[in-house]
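Before any comments, here is the structure.
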Amino acid sequence: MEIIAGVKEMRRRSEQLRMERKTIAFVPTMGYLHEGHLSLMQEGRKMGDVLAISIFVNPTQFGPGEDYERYPRDMKRDLQLAREVGVDIVFTPSTQEMYPPEFQTSVEVEKVTKNLCGISRPHHFRGVTTVVAKLFNIVKPHLALFGQKDYQQLATIKRMMEDLNMDIEIIGLPTVRETDGLAMSSRNTYLKSKERKAAQSLYRSLCRGEELFHQGEKSAAAILQEIRGIIEAEQLTQIDYAKICNPQTLEDIEEIEDEGVIALAVKIGKTRLIDNLILKEE
Ligand code: PAF
């Protein structure tokens, strides 16, 4: 497994692989890898001749007072896991090289970023799209894989690809869950045991929402009322948002016609968790 820290070196390596007509599959990550990341890598391993990942905790997607400093990091463990999955290249750029002092450009996707996490984290998606565009320019993948757990991130990246005519296939893969239903996230490590129990209410409430939908309930307000009830029954939870949106535009919907996405962000103690579930007529 190659570990490449320099931007120039990574670009050179990717150009060489492209000249050899190798298909590059890419999984961008912020490290502290879990089963969700590993499932993206396993799929990437099958889809590309070469599997590249990046490990970079991107400061520009964290707001003031968020967890950039304490975001979990363990490079040694990450490299071991990457090796076990069969990753070929790990790109580990430094913050100084990604954001030199003269840096002043960003990529902003306007509409799809406004609702949901865009309300309480107004600059988050600009940080994500900017770093993802940079990583794509450096790693030059043919395809890139993202988890559907970050549904709004995936929708935003797809929009950026279309709008900027970027020639990379974006693949979204289903959320990987713990046995109790909690969506895998590097931030789960922050949860103390009582918080961890309260966190189960997110998926429980999503499943109840899905059940109501399949029983014929099409009113977003009625479904959300049940969802809120389940989450709020846990003392340690504080809902940031619980919404049902159009899966493409991410605008709120009142009546679910063919499909919708239930999207949640809930603070449990100091930890903010997100989760979602697609509602679709069978
Ligand atoms: O999903 C993540 O881990 C990050 O937002 C990403 C896509 C690696 C960009 O920093």
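The values are calculated or read from the model by the stated rules, or taken from the named source; none is laboratory data. Keep in mind that what you see is a predicted model, and the values were worked out from it rather than measured. Here Cβ is always computed from backbone atoms with ideal geometry, including for glycine, and neighbour counts include all displayed protein chains.
Summary table below
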{"quantity": "Every residue from the stretch 142-173 that is more than 15 Å from the ligand (Cβ to nearest atom) and either touching a Lys or Arg at 6+ places or on another chain (Cβ under 9 Å) or assigned to a helix (DSSP H, G or I) (or both)", "calculated": "HIS142, GLU162, ASP163"}
{"quantity": "Which listed residue, of ALA183, ALA198, is modelled with pLDDT of 95 or more, more than 13 Å from the ligand (Cβ to nearest atom) and in contact with an Asp or Glu (Cβ under 6 Å, 6 or more places away or on another chain)", "calculated": "ALA198"}
{"quantity": "Candidate set: the stretch 96-111, residues that are within 23 Å of the chain's Cα centre (by Cα) and not acidic (Asp, Glu); chosen: the one surrounded by the fewest Cβ atoms within 10 Å (Cβ to Cβ)", "calculated": "THR105"}
{"quantity": "Contacts under 9 angstrom Cβ, first residue in the stretch 205-227 being without any contact (Cβ under 8 Å) to a residue 12 or more places away in the chain, partner of a type in the set (Gly, Ala, Ser) and crowded, with 17+ Cβ neighbours inside 10 Å, 6 or more apart", "calculated": "GLU217/GLY209"}
{"quantity": "Residue count, the stretch 51-60 (criterion: under 11 Å from PRO28 (Cβ atoms) and either within 10 Å of the ligand (Cβ to nearest atom) or acidic (Asp, Glu) (or both))", "calculated": "5"}
{"quantity": "Test: residue in the stretch 134-141 that is modelled with pLDDT of 95 or more and in a strand (DSSP E or B)", "calculated": "no"}
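Listed here are the residues, each with its yes/no results for (1) away from the ligand (no atom under 16 Å from the Cβ); (2) among the β-branched types (Val, Ile, Thr).
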{"residue": "GLU9", "(1), (2)": "yes, no"}
{"residue": "GLU20", "(1), (2)": "yes, no"}
{"residue": "ILE24", "(1), (2)": "yes, yes"}
{"residue": "MET30", "(1), (2)": "no, no"}
{"residue": "GLN42", "(1), (2)": "yes, no"}
{"residue": "ASP49", "(1), (2)": "yes, no"}
